Each structure stands twice: as C-alpha cells, then as structure tokens.
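Here it is, the structure in full.
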Amino acid sequence: MAPHLLSFVLLLVVVVAAAACVRGSSGCPTSDRDALLAFRSALSEKRLGMFSSWTGDDCCSQWYGVSCDPTTGRVADVSLRGESQDPIIARSGLSRGLMYGRISPEICRLDRLTTLILTDWKQISGPVPPCITSLPFLRILDLVGNRLSGPVPDDIGNLSRLTVLNVANNQISGSIPTSLPALSSLVHLDLSNNQISGPIPGDFGNLRRLSRALLSRNRISGGIPSSVGHMARLADLDLAHNRISGEIPGSLGSVPVLSSLSLDSNRLTGQIPTALLSSRGLGILNLSRNAMEGEIPDVFGSHSYYTALDLSHNQLSGPVPKTLETAAFVGHLDLSQNHLCGPIPTASPFDHLEAASFANNDCLCGGPLPACK
Ligand SMILES: *[C@@H]1O[C@H](CO)[C@@H](O)[C@H](O)[C@H]1NC(C)=O
Ligand SMILES: *[C@@H]1O[C@H](CO)[C@@H](O)[C@H](O)[C@H]1NC(C)=O
C-alpha cells in the first residue's frame, strides 16, 4: 500500500473511532437513548410487545419505530401507529393496538426530532407536553386517535418547520392558540373531534401554505375570519359541528383552489355569498343546519360541478335558482327544510333527484314533487 494511502486509511480509522466515541459504541447517542427510555417508561403496550425491541445500545437500527438521521446520527423519527396499516400490527393478526400512559416531556430532549407519530392507540392520555414547541426541527406532529387532554400548547407557533399538526379524535380543550397562524410551513391542520372552544384567530389567513384545515366537531365559537380569503392553497375547509356564528365571508369565494367547504351544523346567518356559489372548483359545499336566509344566488353555470351541494335546514327563501339547470354536474343536491317556493327546474342536473331533496319547503312544485298548479 502506498504511504499516502496508508496514512489516509489511518486518518479514516481515527475519524470513525472518534465519531463512535461521541455517539457511544452503537451509533445512538447515549442522551437520545436515555430520552427514548424515559419516554417508553411512561407508556405501556402489552398486546404487541412493540417496545420489546427497545433494548440494547443501538436505538438507531434495532428499535421498532425509531430512526436516526444518517448524517448527524441523532434520533429524527419516532413513529408508532396503533392501526392496522402498521406492519407490526398486520403481522400480529390483531386489528389494532392499545397503549396506555402519557407522553413524557422527556421526548423533548430529542432536540433533532423531525417526526413524532403516536397514533390510534386509543388510551394514551394526559397533555401534549408544552416543551414540544421547543423542538426546532419538528415537521410532523401526529397524535390522532388517543385520549389526550389539555390544550394545544400556547407556543405551537414557534415550530416554524411544522408541516403537519394532527391531534384529531382526542379530548383536547382550551382555545386555538393565538400563535398558531405563525406556523408558516403548515400544510395540514387537523383538530377535529375534540373539545376546543373559543374563536378562530383573526389572522388565521396567515397560514399561506395550509391546504387542509379540519376543525369540525369542537365547540369553536365566533365568526369565520375574512382573512381566510388570502389562503392561496386552501383546498379543504371543514368547520362543521361547531358554534360558529355571523355571516360567511364573501372572501371565501376568492380562495383559488377551494374544493370542499363544510360549514354545516353551526349558527351561521345572513345570505349565501354570491362569490362563493359562483367560484370555480368548489365541488362540495355543505351549509346544512344553519340559519342562512335570503335567496340562493342565481349564479351557477357551466363551471359549476358539484358532487354535493347541501343547503338543507336553513331559512332560505325564493325560487330554486334557474341557472342550476346550466351546471355541468350536480350529484347530490339537498334543498329540503327551507322556505323555497316555485317550480323546480327540469334540465339534466335535476332529472335524477328525488323528492327528499326538496321536501319541507313552503311551495315548491314540479319535478319529483307534485305538478305545479
Ligand atoms: C417561543 O418563542 C417565543 C418568542 O420568540 C419565546 O419567548 C418562547 O420562549 C418560545 N417558546 C419555546 C417553548 O421555545
Ligand atoms: C351536510 O351536513 C349535514 C349536517 O351536519 C349532514 O347530515 C349531511 O349528511 C351533510 N351532507 C352531505 C352531502 O355530506
């Protein structure tokens, strides 16, 4: 071997040995391993023995659900799913897992963590540790389907890299943190099916990258902030089953990619904004079970393509809009339980609709209902 090559090999050996010293002999830093063990000790999972692999030094290659960044050697992902898609559950023949305990704040010692997924374990309780907001690299926080309680941490807005925040199907209470709209990387927000109360922050529209905002089945009150009109990437807004009041901001009609809007079962009043019904791309609109009034804006056209248009259980009056006849497609239409009156249009979007779509109005006639006199 040539001398310079030999010295290079020696140098390489020294470098690798030094790196191994820093990380412990295994490739998992001792401090990360200790944090994981502390995290594990606050949880209990007996059906699958998911944690049985969490022994020995090498948390980076042997421990189920843990992975490390190959460059830094630090723990980057902790991903434990209690639903059947997870391979360990598929192999076990069980339909789902069950885990008890709490999320230990010791997890926050993993300060290179990018992903924390702890989903569908049904019984994990206690709060989301507030220190989670001090993890600067966190991109995915997915805790759906547990029994977590207490609020979304106040400083959540500090997580400038966070793209996914999902705490749906828990018992989260308190209000939406005022810092939340500062999550400048957020793409997917799911807070649905919790006990969250109070208003939607007025500057919610600052979430410029947000594509899905799912806040249904909570106790959210106050109005829909007009700033939502600035959300260039918002495709899916679900605020159903809350206590939201006031008028629907017309600015929602200028959200360019909005395709699904569910505002049903709230306390909304006023008229349906013309800009909303004439917007292109909206395929699902549910305003059922509110107190919307006035006439339905007659602004449909060949750009209208609705898989579902549900305006039932409101105080809407006047006729069924004539331009609905010109819509490219109307799959499911529900105008029942309003105060509509007059002949039901007859063109193709109407030929497959049943009487139930028009039931309990003041004086609709024709089509699937008895003929007009
Ligand atoms: C969040 O950011 C604020 C303002 O920069 C700071 O005062 C606070 O300590 C941060 N919180 C955490 C948990 O890092
Ligand atoms: C609209 O919302 C109502 C009330 O929440 C619900 O019963 C109905 O199924 C929804 N309509 C569609 C088409 O999903």
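Each reported figure results from applying straightforward, stated rules to the coordinates on display, with no laboratory input. Please read all numbers here as calculations on a predicted model, not as lab measurements. For neighbour counting, all protein chains shown are included, and Cβ atoms are generated from backbone atoms with ideal geometry for every residue, glycine included.
On C-alpha positions alone, give me the angle between the axis of helix 30-41 and the longest principal axis of the chain, in degrees, nearest 10.
In the chain, helix 30-41 runs at an angle near 50 degrees to the longest axis.
How far apart, in nm, are two points set 7 Å out from the Cα along the Cα-to-Cβ line at Thr307 and at Asp203?
3.5 nm
Another question, then. May I ask you to list the residues of the range 296-319 whose amide nitrogen lies under 18 Å from a point 7 Å from Cα along the Cα→beta-carbon direction of Ala328?
Answer for this model: 299-309.
Moving on. By its C-alpha gyration tensor, with a ≥ b ≥ c as the square roots of the eigenvalues, how is the range 287-334 shaped: rounded for a/c under 1.5, else prolate for a/b larger than b/c, else oblate? If you can, show how the numbers build up before the last one.
Details: a/c = 2.75, a/b = 1.47, b/c = 1.87.
Oblate, because a/c is 1.5 or more while a/b does not exceed b/c.
Can you give me the angle between helix 3-23 and the longest principal axis of the chain, using Cα atoms only, in degrees from 0 to 90, rounded to the nearest 10?
Compared with the principal axis, the helix lies near 60 degrees.
Using each residue's phi in the range 121-130, evaluate 6.51 cos²θ - 1.76 cosθ + 1.60 at θ = phi - 60° and report the 3J(HN,Hα) Karplus result to the nearest Hz, with x for Gly and Pro.
9, 6, 10, 5, 10, x, x, 6, x, x
For the range 141-221, just say rounded, prolate or oblate: build the C-alpha gyration tensor, square-root its eigenvalues into a ≥ b ≥ c, call rounded for a/c under 1.5, and beyond that prolate if a/b exceeds b/c, oblate if not.
Details: a/c = 1.59, a/b = 1.32, b/c = 1.20.
The shape class here is prolate.
Around Leu311, under 13 Å between beta carbons, what's the net of Lys plus Arg minus Asp minus Glu among the other residues? Show your work: numbers first, answer last.
Numbers: positive: Arg289; negative: Asp264, Glu293, Glu295, Asp310, Asp334.
Net charge in that neighbourhood comes out at -4.
Let me ask something else. Read phi for every residue in the range 341-353 and hand back ³J(HN,Hα) as whole Hz from Karplus 6.51 cos²θ - 1.76 cosθ + 1.60, θ = phi - 60°, with x for Gly and Pro.
Values per residue, Gly and Pro as x: 8, x, x, 7, x, 10, 5, 3, x, 9, 6, 9, 7 Hz.
If you don't mind, there's one more thing I want to ask. I want to verify the translational diffusion coefficient of the range 44-365 in µm²/s; compute it with Stokes-Einstein, Rh as the Kirkwood radius over Cα pairs, at 4 °C and 1.567 mPa s.
Working: Rh = 21.7 Å.
Taking Rh from Cα pairs, D becomes 60 µm²/s.
Under a cut-off of 21 Å between alpha-carbon atoms, report the lysines in cross-link reach of Lys122, not counting same-chain residues fewer than 8 places apart.
Once the sequence-local lysines are set aside, what remains near Lys122 is Lys46.
What FRET efficiency comes out for the pair Ala359/Ser149, r = Cβ-Cβ distance, R0 = 30 Å, nearest 0.05? If you can, show how the numbers build up before the last one.
Details: r = 41 Å, r/R0 = 1.38.
Efficiency, from the Cβ-Cβ distance: 0.15.
Does the range 196-318 come out rounded, prolate or oblate, given a ≥ b ≥ c as the square roots of the eigenvalues of its C-alpha gyration tensor, rounded meaning a/c under 1.5 and, failing that, prolate meaning a/b above b/c? Walk me through the numbers on the way to the answer.
Values: a/c = 1.68, a/b = 1.12, b/c = 1.49.
Oblate is the answer for the range 196-318, as a/c is 1.5 or above yet b/c matches or exceeds a/b.
For the chain, what does -39500 (n - 2.57) per DSSP helix run (n ≥ 4), summed and divided by total residues, give at 222 nm, in deg cm²/dmol to the nearest 500? Let's see the in-between values first.
Values: 4 runs with 43 residues, N = 373.
Value at 222 nm, helices only, nearest 500: -3500 deg cm²/dmol.
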